[in-house]
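Just so you know, all these numbers are worked out from the coordinates, no wet-lab data involved. None of the values given here were measured: they were computed from a predicted structure. FYI the Cβ positions are ideal-geometry reconstructions off the backbone, even for glycines, and counts take in every protein chain you see.
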Amino acid sequence: MNLDYTKISQGTVYDPLNGIDGQVRDIWILDGRIVAAPTDPTVLPSRTIDASGLVVMPGGIDMHCHIAGPKVNVARKMRPEEKRRGEQMPRTNITHSGSMGSVPSTFATGYKYAALGYTTAFDAAIPPIAARHAHEEFEDTPCIDKGFYVLMGNNHYVMQSLMQNEPQKLKAFIAWLLNSTKGFAPKLVNPGGVEVWKTKQAGNVSGLDSKVDHFGVTPRQIISGVAQAAGELALPHPVHIHCNNLGMPGNWETTLETMRALQGHRGHITHIQFHSYGGGDGDENTFNSKVVPMAEYVNANPNITIDVGQVLFGETTSMTGDGPLGYFLSKVYGGKWFSSDTEMESGCGITPIKYRNKSLVHALQWAIGLEWYLLVNDPWRVVMSTDHPNGGSFLAYPQIIRLLMDRTYRKDVLKTCPPEIRNRSTLWDIEREYTLNEIAIITRAGPAKILGLKNKGHLGPGADADITIYTPNENKEVMFEMPRLVIKSGRVLVDQGDIRQTLIGKTLHVQPCYDHELEKDIQEWFERYYSIRWRNYPVDLSYLYESCVVPTL
Amino acid sequence: MTSASTQVNAPTPSVPGELKVIQDATCTFCGCVCDDIELTVKDNHITEAKRACVLGKAWFLNHSVEDRPSCLIEGKPATLSEGYDRAAQILTSGKYPIIYGLSDSPCEAQRVAVSIADWISGTIDTTTSVCHGPSGMAFQGVGEVTCSLGEVANRGDMIIFWGSNPAESHPRHFTKYSLMPKGMFLPNGRKDRTCVIVDVRRTKSAKAADIFIQIKPKRDFEALWTLRALAKGIELDPELVHRETGVEFSVWTDLMERMKACKFGVIFFGMGLTMTRGKHANSEALLALTRDMNAFTRFVAKPNRGHGNVTGADNVVSWRTGYPFGVNHSRGYPRFNPGEYTTSDTLANGEADCAMMIACDPMANFSQPAREHLSTIPLIALDTKETPTTRAATVAFTVATYGINTGGTVYRMDDVPIPLRPAFPSPHPSDYDVLTAIEERVKRILGVTG
Amino acid sequence: MNETFTLIPGRTTDQGCGVSEGKFNDRYQNAINALQVAPSDMTRLGLSEGDRVRLTGEEGQTVEVCITAAKKEELPEGLLFIAYGNISSQMMTGDTHGSGMPTSKGMEVTMELVQKASAHANVEGTAS
């Protein structure tokens, strides 16, 4: 029997999870997976891709972006003005048309990720009641595997079970909610703060120990409780945290307190750039970077992983599950503002923003992001992200790679920013440059490990055949912005920027076990307060084009 | 690209004479999308629709199996296959094809319709453009502060209806979401809420109001800006306000005091704003007022959307094209321009040269110039029932009714997606089936393989 | 009599139910073919229930429709109400003023009597 093998021949391979750092190797693919080379020398591949002289890496993984669901779609609707003058995405005989701007349409999102060499992406904030919507968009977001995190940090049942000191109920609820939504991980967004926003004008919590109205719990209790429950559920990615006080001068202490509140449990602090500010009282004159002491803490505490949320200069759309933050930003920028409160669950804020290199605050935000990449010693615990589209588009990743790999370029950009930045951050003094192997870690191997994805982020036997092949170039932005080939599930999707074929991709989700007896209590609560029926809430498997259950640890 | 979701919840045929009960069925008549209906089905007919309102009962009890051919070409019965061929031929030979309607189709079918528009470089528009399209434009100008309907039930202590008559258009609105529910923070239900209704006539809804404010016709904009000024503490000439709005100045100052004093205010607004002189400027004034009020307390606004899945149509068209309605693909990529690519305009201006109308009735609901043009161009129509539009169609498909015969997904007016639980099967194809078959043929004709 | 009024079409329960029952059924047709007039306007103009009137819009578009007295206080003087449908839509113009939405509420119309209800009934009586 002739098996239908594909061989990628003689590429220079970067596969950090398997300890391969720039060695020339062959990679064999069968049925969408990477396999060991056949032992029988007479077995020939059906196709050989000559990768000699080219760089081979696993497909990229974006572990924190906003690409689907109600908030993203509202942002698309809200911003026609930036699409007409931007790049257009005409249809071809194999691809749908789409629109760009800072929040691309679904098809455009899939094609653009693939063309960038990214094969997996996770939407970071889906309100559970809208999970069905996110899955519907995923089915129209081709070429990549997808999953999403489920907003829980202001969920009434979560807060109620903490208030009543019922950890078993909390654990069952988290598992039930992940099963019902077909989600991937618990997400905390400004834990407790969004609930306060719903109850009063400009409401928010001020720190880890402010009490949430009506529930009497604190952000600290929510963080500790969910981290512990998620750990007990053995979730592959236990808890993904957007800390309180995002964007506020002086918020670095809140962030450090959040890390402490994990009490040694695994936890991921997301878009940490937005949470690393010194200074106080909204005073621009005191605004500064606190990455040095924070990175020290991260370096010393292996239970913590981070992604950066890099800011890039230019225009974009801020979108968040953090309702009070949306209100704050709308006042700062004065543009149109969307806010939506979702019953029992979450909030949402959207407003257009523009990051200017001449603004000291914006330039500092840019520098703080880069400091994070460069000051965390262990690249396995820091992940590349722009919090697309909040800090900038995912399309900026090649630019970030160049900034990390080329300190001359980095300093050249820094020179265009206000000089005061050098007194308020350490970026000017950092000489570190990333290697290709480290880039492979922070863009694919690391996120795969942090997410608990055993079949992704590496090129060993059993891995999904999601592979990106680059043409080496001195200018790393050029090298990474147009891969030579992008292979997804063993199929060549992109050839030098041209889409050759498409697929829809899998949906990654978890199915943790829980005590079903406790569902009765959840149902009773649900039926008292929700505006839809209990039976119409869970998303069934028919909404997933191809379900892929990621096992618990 | 096939959607797995439409295959779920396929209804089982009734056993003759036997009663079947469907729990938690979803009514798709209006934007309330009530999903708590209990249907009793006997011999492929719904005999009872518990908890449904008067409109919901009419919807469920009158959609039995239509005794008509599934396909008519030029008024004569034809096979479905002939109908699909003819439809594909019409859509691919036009220079300015338009696809319109979609607000009474599930999202799964809407997605196929957008694909067809994409492949044929056509224009896709939904009934939003003649409903809350102006509110969509206003939203693009100022944004929107809003919430899900459960938030209204649990927190809304001041409920304002402006240019909206839910007693007749959304009969369960008051009881299920906005006035009567005993919510988490409103244990006494209606007693804990203040209801204000602003309208140009004393509608049937006015009875529900604690305060009814009757303004002059076409003066919504002036009235809303009066409130915006009062919110900001700007001095106004009381007589001028009275003259312009038709309402005593003191009524407005009293209303503003109450608005500032409430904890969670909600304004539901209707087509009284969007269809009247000012249109998007009216909606924009209301959305801006709501935003302004958040400097004093929490306030949200929400358009009372009409048709069952018009909100789904907005969402589907937006996620696929980036724009909510009135999207033109003639350059191969989506462009948006209300007033140009919207159906009232493409028809009345005589630009469209063929049309596919899905679950809508422009031959009865559009302006005379639009109808006159539509009657001169090849027309494909999909509807569950005979309408003036299906009568005028070159190719007319009788389709199964969503939520009664077929499954799928519907978005409530607050963007909450809800699955359908159909009651009994129909011999007619669903609009998803028809559109998928047409799409296959269109792709074959155009050589599209994606 | 040839006076200017403001026409407000809108949804009603009968119209909504009629859509489901079928657009060619009596309930729907009756619902969308009845123009509500404020009783005081009817008295002032000497109109009675069932009279047939002609409405003329700003571009000369016309419809003929029978009138019915609006329920107590529902309509202020000068306003006309009709259930949304075929008749009301014929009074819209093709211009959307760049919005996609034709002006469909608050239309300026003139109303004139075409036939008294009594005459109308007699004609029908003769025909049967």
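Using only helices, what value at 222 nm comes out for the protein assembly as shown when you add -39,500 (n - 2.57) per DSSP H run of length 4 or more and divide by the total residues, to the nearest 500 deg cm²/dmol?
-9500 deg cm²/dmol
Using a Cα distance threshold of under 21 Å, what count of lysine pairs results for the stretch B:1-135 when pairs must be 8 or more residues apart or interchain?
Numbers: B:20/B:42; B:20/B:50; B:20/B:57; B:42/B:50; B:42/B:57.
Lysine pairs meeting the criterion: 5.
Okay, which of the stretch A:528-544 sit inside 17 Å, backbone N to the point 7 Å along the Cα-Cβ direction of residue B:185?
Only A:529-531 fall inside the zone, counting backbone N under 17 Å.
In nm, to one decimal, how far is the residue A:163 label point from the residue A:553 one, both placed 7 Å along Cα→Cβ?
So the label points at residue A:163 and residue A:553 sit 3.2 nm apart.
Taking other Cβ within 10 Å of each residue's Cβ, how do A:343, C:21 sort, fewest first?
Going from sparsest to densest Cβ surroundings: C:21, A:343.
What does the average come to when, for each residue of peptide B:329-339, you count the partner chain Cβ atoms lying within 10 Å of its Cβ? Let's see the in-between values first.
Numbers: counts 3, 0, 3, 6, 13, 12, 5, 5, 4, 6, 7.
So the per-residue partner count for this stretch is 6.
Could you sort A:51-59, B:375-383, B:130-138 so that the peptide with the highest average Cβ count within 10 Å comes first and the rest follow in order?
Peptide ranking by packing, descending: B:130-138, A:51-59, B:375-383.
Note down the nm distance, to one decimal, between modelled labels 7 Å out along Cα→Cβ at residue B:391 and at residue B:449.
Once both label points are built, they end up 4.7 nm from each other.
If you take the beta carbon distance between residue B:331 and residue A:527 as r and set R0 to 45 Å, what does 1/(1 + (r/R0)^6) give as a FRET efficiency, to the nearest 0.05?
In this case the efficiency is close to 0.35.
Can you give the charge dipole size of the stretch A:420-553 about its Cα centre, rounded to the nearest 20 debye, using +1 on the beta carbon of Lys and Arg and -1 on the beta carbon of Asp and Glu?
Dipole magnitude for the stretch A:420-553 comes out near 240 debye.
So for the pair residue B:89, residue B:351, with labels modelled 7 Å out along Cα→Cβ, what separation do we get in nm?
In this crude label model, residue B:89 to residue B:351 measures out at 2.8 nm.
Using a 10 Å cut-off around each Cβ of peptide A:85-91, what is the average number of partner chain Cβ atoms that fall inside?
Per residue, the average neighbour count from other chains is 4.
For the stretch A:261-365, which trypsin sites (Lys or Arg not before Pro) are in a loop by DSSP, counting at most 16 other Cβ atoms within 10 Å?
For trypsin sites (Lys or Arg not before Pro) across the stretch A:261-365 that sit outside H, G, I, E and B with at most 16 neighbouring Cβ atoms in 10 Å, the list reads A:356, A:358.
Using the alpha-carbon centroid of each, what span in Å lies between the stretch A:37-110 and the stretch A:132-146?
12 Å
Just how far, in whole angstrom, is the stretch A:271-338 from the stretch B:147-197 if you go by their alpha carbon centroids?
Taking the Cα centre of each part, the stretch B:147-197 and the stretch A:271-338 sit 37 Å apart.
Please order C:28, A:333 by the number of other Cβ within 10 Å, starting at the fewest.
A:333, C:28
Quick check: residue separation of residue A:511 and residue A:43 times 0.36 nm, minus the Cα distance between them. What number comes out in nm?
164.6 nm
Return, ordered by residue number, the residues of the stretch C:9-40 whose backbone nitrogen is under 19 Å from a label point located 7 Å along Cα→Cβ of residue B:67.
Of the residues in the stretch C:9-40, C:21-26 have backbone N under 19 Å from the label point off residue B:67.
Which one of C:87, C:2, C:15 has its Cα pushed farthest toward the positive end of the charge dipole of chain C, where Lys and Arg give +1 and Asp and Glu give -1 at the Cβ?
Towards the positive end, the residue furthest out is C:15.
Cut-off is 10 Å between beta-carbons; in what order do B:279, B:263, B:57 appear when sorted fewest neighbours first?
If I rank by nearby Cβ atoms, fewest first, I get B:263, B:57, B:279.
Straight distance only, please: which aspartates and glutamates reach the Cα of residue A:146 with their own Cα at less than 17 Å, same-chain residues fewer than 8 apart left out?
Partners found: A:62, A:123, A:136, A:137, A:387, A:464, A:466, A:540, A:546.
Hey, what angle do you get for helix B:280-293 against the long axis of chain B, alpha-carbon based, 0 to 90 degrees rounded to 10?
Long axis of B:280-293 versus the principal axis of chain B: about 50 degrees.
Antiparallel DSSP bridges in the protein assembly as shown: what percent, to the nearest 5?
Around 50 percent antiparallel, to the nearest 5.
Between the helical axis of B:220-232 and the dominant principal axis of chain B, each derived from Cα atoms, what acute angle in degrees is found, rounded to the nearest 10?
Computed tilt is about 50 degrees.
Report the FRET efficiency, 1/(1 + (r/R0)^6), for residue C:48 and residue B:54, where r is their Cβ-Cβ distance and R0 is 22 Å, rounded to 0.05. Please report the intermediate quantities before stating the final value.
Numbers: r = 30 Å, r/R0 = 1.35.
Calculated transfer efficiency: 0.15.
For B:299-311, what's the mean count of beta carbons from other chains sitting within 10 Å of each residue's beta carbon?
1
Quote the FRET efficiency, to the nearest 0.05, computed for residue A:50 versus residue A:92 with a Förster distance R0 of 22 Å and r equal to the Cβ-Cβ distance.
About 0.25, to the nearest 0.05.
What do you get for trypsin sites (Lys or Arg not before Pro) in the stretch A:475-537 restricted to DSSP loop and a cutoff of at most 14 other Cβ within 10 Å of the site's Cβ?
A:500
Which lysines does residue B:263 reach when only Cα atoms under 19 Å apart count, and residues fewer than 8 places away in its own chain are ignored?
Those lysines meeting the cut-off are A:198, A:200, B:182, B:191, B:232, B:302.
Based on Cβ point charges of +1 for Lys and Arg and -1 for Asp and Glu, what charge dipole magnitude is obtained for the stretch A:1-106 about its Cα centre, in debye rounded to the nearest 20?
820 debye
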